[in-house]
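Have a look at the structure below before the remarks.
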Amino acid sequence: MDEVKVCKDYDRVIENVGGIDLLLLGIGSDGHIGFNEPGGAFEPGTHCVNLTEGTIEANARFPVPCTRPN
């Protein structure tokens, strides 16, 4: 899978529907917001991040698949 293309395609969909008016994001136990792990540079737009084991475990109860880091 080409993650960069998938992210750009997703951003294009958001743009085509007129943007996002309201977005509810979770705050992780270590303070990260919306799966942006601490210590990473802030990147606008859709992008991929490597989730920590703690984040994966904390979100295992939700029906959204998480990919484990390599």
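I'm told residue 54 meets every condition in (1) surrounded by 11 or more Cβ atoms within 10 Å (Cβ to Cβ); (2) part of a loop (DSSP other than H, G, I, E, B) except one. Can you identify the failing condition by its number?
(2) is the only condition that residue 54 fails.
Count, please, the residues in the range 36-53 that happen to be within 25 Å of residue 5 (Cβ to Cβ), at pLDDT 80 or above and out of contact with any helix residue (DSSP H, G or I) (no Cβ under 6 Å at 6 or more places or on another chain).
Going through the range 36-53 one residue at a time, the tally reaches 4.
So, residue 45, is that one part of a helix (DSSP H, G or I), in contact with an Asp or Glu (Cβ under 9 Å, 6 or more places away or on another chain) and among the small types (Gly, Ala, Ser) or not?
The answer is no for residue 45.
Looking at the range 18-29, which of its residues are open to solvent by 80 Å² or more (accessible area, probe 1.4 Å) and either touching a residue at least 24 places away in the same chain (Cβ under 8 Å) or touching a Lys or Arg at 6+ places or on another chain (Cβ under 6 Å) (or both)?
Correct list: 29 only.
Can you tell me which of 15, 43 is open to solvent by less than 100 Å² (accessible area, probe 1.4 Å), out of contact with any Leu (no Cβ under 7 Å at 6 or more places or on another chain), free of Cβ contacts under 8 Å to residues at least 24 places away in the same chain and among the acidic types (Asp, Glu)?
One residue alone meets the criteria, 43.
The values are calculated or read from the model by the stated rules, or taken from the named source; none is laboratory data. Computed from a predicted model, the values in this text were never measured in an experiment. Don't worry about glycine lacking a Cβ; one is built from the backbone with ideal geometry, like all the others, and counts go over all protein chains shown. Just so you know, the surface numbers come from the protein's heavy atoms only, side chains and all, with ligands and any DNA or RNA stripped out. Shrake-Rupley method; radii C 1.70, N 1.55, O 1.52, S 1.80 Å.
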